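K.L.:
To start, I am sharing the structure in question, which I have written as structure tokens.
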Amino acid sequence: MKLQAYVRKGSFYEAVVEDGSDIIFIVDFEGTIRYHNTAVFQTLGYRPKSLNGRNFFDYILPETVEELKRQFKKSQQRAYTQNIEFQFLCKDYSYRFLEFNAINLKHKEGLDGFILDCRDIAQRKENEAELVRLQKAKEQFLANISHEIRTPLNGIAGMAGLLSQSPSPEERETYLNAIKHSAENLKLIINDILDLAAIESGKLTFEKIAFNLKDFLPSLISTFMYQAREKKISLDYTIDENLNKILVGDPVRLNQILINLISNAVKFTHSGSIKVFCTAEREVKGICWVRIEVTDSGVGIPEDKLNTIFESFSQADASVTRKYGGSGLGLTIVKQLVELQKGRITVTSKVNEGSSFIVLVPYGVGKKGAMANTSPKNDQALKAVNASQLVVLLVEDNDINRLYAKSILKNWQCYTDTAENGLVAIEKIKNQAYDVVLMDIQMPVMDGYETTKAIRLMDAPMCDVPVIALTANATKADVEKCMAAGMNDYLPKPFTPDDLYRKLFIDQKISPKQKVKSKSPVVIPANQLYNLDYLRSVSGNNEEFIREMVMTFMQTIPPVLAEMKQALMDSDWPKLARQAHQIKPSFTLMGLTELRSSILFIEENSKASTKLDEIPEAVSNFIIQCEAVIPELSKEVMPGAA
Ligand code: ADP
């Protein structure tokens with residue numbers, strides 16, 4: 001056979017093909033292997049010469065043979081063909097991904113054959129498959145996450161809609177509870193996303209605080225008791241006596257790990273029990289290895305999913321989302337939290353029998369008395385604080401956030417003044433002494449940092465007012481920036497009324513010292529609110545005309561006021577804006593200058609959905625004043641009337 005000529009000892013081809021790490025086959029156009037080099041042994045397991053005379057296509061993954069034959073045919077027309085992928089049967093019966101470039105010997109040497117210069121692309125293929133899998137998992141995650149976010153959001157929007165339709169007290173209670181529950185869910189999922197983002201960007205830091213597991217595990221377990229009881233499953237915990245010691249580390253992160261593992265156990269268990277067992281596995285040189293085991297008798301996890309459940313965005317099964325909800329982020333966060341603390345997490349599980357997650361984390365061992373009192377203060381302690389009469393300046397550009405904080409403060413009988421940006425806040429602080437300033441960070445015109453710096457440069461006593469940041473960005477760097485700007489403390493958003501209470505009255509011990517400067521609006525007597533000069537001048541003092549105009553005003557305004565009241569109750573801002581717009585011109589005609597600015601304020605802000613927290617008060621004042629002015633006007637045009 002002529003082909004052997006190319007691989008004769010000492011020939012050019014022999015040197016090239018034998019020395020190279022690439023796998024070389026020389027095959028004829030029918031696929032008969034005429035030669036292969038020793039690299040074939042390393043990659044595919046065949047000894048030198050053992051494939052000579054065999055047909056190349058007999059070793060190709062059967063379902064791809066036809067396609068490869070087509071490629072061979074095409075290659076016969078060309079001198080050189082590149083990057084043809086195929087899978088070749090190895091000696092151990094597995095298939096390996098290879099790729100060849102074919103040199104057509106017909107073109108060069110007049111022979112019916114190819115030199116196939118092959119590269120092992122198994123790793124590349126694996127990477128590609130992994131990439132596709134990750135991409136799919138990410139898409140699945142995005143679908144899950146938007147579903148997870150949308151569900152509570154829809155709940156909140158729907159319930160708020162129902163609340164505005166004058167529900168009965170019981171319905172109101174149900175809707176409010178549903179809103180609270182949905183908001184809580186939303187907060188959890190957003191916190192998960194933020195945590196993961198912080199972990200992935202390497203921004204997560206761990207505290208070194210003294211704590212005793214005994215102080216927080218019981219209350220943590222009790223938060224799951226209700227759910228467990230509902231599902232008729234038992235939930236027990238044991239803390240080994242050897243763990244009754246002061247540990248030094250990050251209790252908040254440990255709490256987070258436990259919450260994730262226990263909530264999964266509760267979620268995926270429908271009968272039987274959940275057990276949490278904590279022990280000190282070993283203690284060496286002041287380091288205590290804490291072992292926490294969360295075991296359940298739940299649905300279990302298929303063996304092939306035991307590794308992937310720890311990956312971002314991954315759930316054991318797509319049907320899990322439909323059945324149990326969840327983002328597939330919990331275990332990823334747990335694993336990262338454990339490993340960032342130099343610990344380990346393992347899982348064993350059997351489908352339909354249950355799962356056991358074991359966490360092992362090293363903590364420092366602290367001395368007795370090293371512990372700060374971290375136990376949560378109880379409500380009784382909170383109630384003992386007197387919040388009323390506190391003069392608060394709330395600096396916040398977002399209407400909803402302003403309304404939320406203002407409503408909480410109002411419940412505590414605090415006097416709250418608001419400013420929609422830092423510049424307005426500074427002006428207010430110049431004119432009124434405040435007990436505390438609650439300061440949003442990101443605001444137009446002047447942000448929270450700049451505002452606080454400016455306050456600290458003011459004269460005493462204004463410069464000493466306590467400033468607490470209300471911030472959605474609560475990373476360590478953000479907090480440091482707040483402190484550097486001169487703030488006293490910070491409260492991450494979203495916060496509960498309890499969080500705000502704790503911050504103001506327990507942590508910062510703010511107490512009412514300031515007196516509110518008389519802010520009560522100057523009450524103009526109703527008979528001085530209007531001025532009919534305009535009507536007089538345009539009508540040439542035509543009494544009849546004036547009387548008719550005033551009568552029309554008196555008849556048309558009350559039904560519109562009723563509509564405005566209703567729109568306010570329904571929080572139907574566009575309707576309120578339309579009503580205000582409709583009656584606005586008559587206030588100019590009647591010379592009702594004060595009321596005209598009120599109706600203008602109501603119209604503009606309802607239309608733009610701004611200052612929504614100030615509108616209710618503005619509307620009710622407006623209505624009261626209108627109702628007072630109408631009898632006065634009537635006296636004007638019908639002097640005999642009462
Ligand atoms: P999520 O619970 O939000 O889906 P996790 O990351 O906490 O996300 O869990 C990932 C997956 O691991 C779950 O979807 C579930 O399939 C599986 N899993 C976790 N814990 C358990 C458990 N205790 N029992 C059965 N399956 C579990």
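K.L.:
With the structure loaded, tell me whether GLY328 is touching a helix residue (DSSP H, G or I) at 6+ places or on another chain (Cβ under 7 Å), modelled with pLDDT under 90 and within 13 Å of the ligand (Cβ to nearest atom) or whether it fails that test.
P.N.:
Judged against the criteria, GLY328 is a match.
K.L.:
For segment 229-306, which strands (runs of 3 or more DSSP E) that fit wholly inside it have 1 or more residues that are surrounded by 15 or more Cβ atoms within 10 Å (Cβ to Cβ) and of a type in the set (Lys, Arg)?
P.N.:
273-284, 287-296
K.L.:
Is there a residue being part of a helix (DSSP H, G or I), at pLDDT below 90, of a type in the set (D, E, K, R) and more than 30 Å from TYR175 (Cα to Cα) anywhere in segment 99-107? Before the answer, list the steps.
P.N.:
Of the residues in segment 99-107, the ones part of a helix (DSSP H, G or I) are 105-107.
Now restrict to residues that are at pLDDT below 90: 105-107.
Next, only the ones that are of a type in the set (D, E, K, R) stay: 106.
Filter once more, so that each one left must be more than 30 Å from TYR175 (Cα to Cα): 106.
For segment 99-107, residues part of a helix (DSSP H, G or I), at pLDDT below 90, of a type in the set (D, E, K, R) and more than 30 Å from TYR175 (Cα to Cα): present.
K.L.:
Same structure again: Among GLY343, GLY366, which is modelled with pLDDT under 90, surrounded by 19 or more Cβ atoms within 10 Å (Cβ to Cβ) and away from the ligand (no atom under 12 Å from the Cβ)?
P.N.:
Unique residue meeting the criteria: GLY366.
K.L.:
Now for a different question. Going residue by residue through segment 371-392, is there one that turns out to be part of a strand (DSSP E or B) and modelled with pLDDT of 80 or more?
P.N.:
Looking through segment 371-392, at least one residue is part of a strand (DSSP E or B) and modelled with pLDDT of 80 or more.
K.L.:
Name every residue in segment 252-283 that is within 31 Å of the chain's Cα centre (by Cα) and either closer than 16 Å to ILE309 by Cα or among the small types (Gly, Ala, Ser) (or both), in order of residue number.
P.N.:
Within segment 252-283, ILE257, ASN260, LEU261, ILE262, SER263, ASN264, ALA265, LYS267, PHE268 qualify.
K.L.:
For segment 168-180, check the following and say yes or no: at least one residue is modelled with pLDDT of 80 or more and outside any helix (DSSP H, G or I).
P.N.:
yes
K.L.:
Within segment 290-308, how many residues are touching a helix residue (DSSP H, G or I) at 6+ places or on another chain (Cβ under 6 Å) and more than 7 Å from the ligand (Cβ to nearest atom)?
P.N.:
The number of residues fulfilling the criteria is 1.
K.L.:
Please list, ordered by first then second residue, the pairs with beta carbon atoms under 6 Å, 6 or more apart or interchain, first in segment 490-505 and more than 16 Å from ASP440 (Cα to Cα), second in a strand (DSSP E or B) and among the basic types (Lys, Arg).
P.N.:
none
K.L.:
Can I ask one more? One residue is enough: does segment 148-158 have a residue meeting the conditions basic (Lys, Arg) and modelled with pLDDT under 80?
P.N.:
There is at least one residue in segment 148-158 that is basic (Lys, Arg) and modelled with pLDDT under 80.
K.L.:
Can you name the residue in segment 539-577 that is closer than 19 Å to SER166 by Cα and in a loop (DSSP other than H, G, I, E, B) and, of all such residues, is modelled with the lowest pLDDT?
P.N.:
The extreme case among them is ASP570.
K.L.:
Within segment 587-604, take every residue that is over 45 Å from the mean Cα position of the chain (by Cα) and buried (at least 19 other Cβ atoms within 10 Å of the Cβ) and give me the one that is nearest to VAL637 (Cα to Cα).
P.N.:
Of everything passing the filter in segment 587-604, MET590 is nearest to VAL637 (Cα to Cα).
K.L.:
Any idea how many residues of segment 43-87 are under 52 Å from the mean Cα position of the chain (by Cα), part of a helix (DSSP H, G or I) and surrounded by fewer than 12 Cβ atoms within 10 Å (Cβ to Cβ)?
P.N.:
Total satisfying the criteria: 3.
K.L.:
Looking at (1) under 18 Å from GLN42 (Cβ atoms); (2) touching a helix residue (DSSP H, G or I) at 6+ places or on another chain (Cβ under 8 Å); (3) of a type outside the set (Val, Ile, Thr), which is the only condition TYR93 fails?
P.N.:
It is condition (2) that TYR93 fails.
K.L.:
I've got another one for you. Residues that are of a type in the set (A, V, I, L, M, F, W, C), over 22 Å from GLN341 (Cα atoms) and outside any helix (DSSP H, G or I): does segment 201-216 have at least one?
P.N.:
No: zero hits.
The values are calculated or read from the model by the stated rules, or taken from the named source; none is laboratory data. Note that this is a predicted model, so its numbers are computed, not measured. Reconstructed Cβ throughout: ideal geometry from the backbone, glycine too, with neighbour counts over all protein chains shown.
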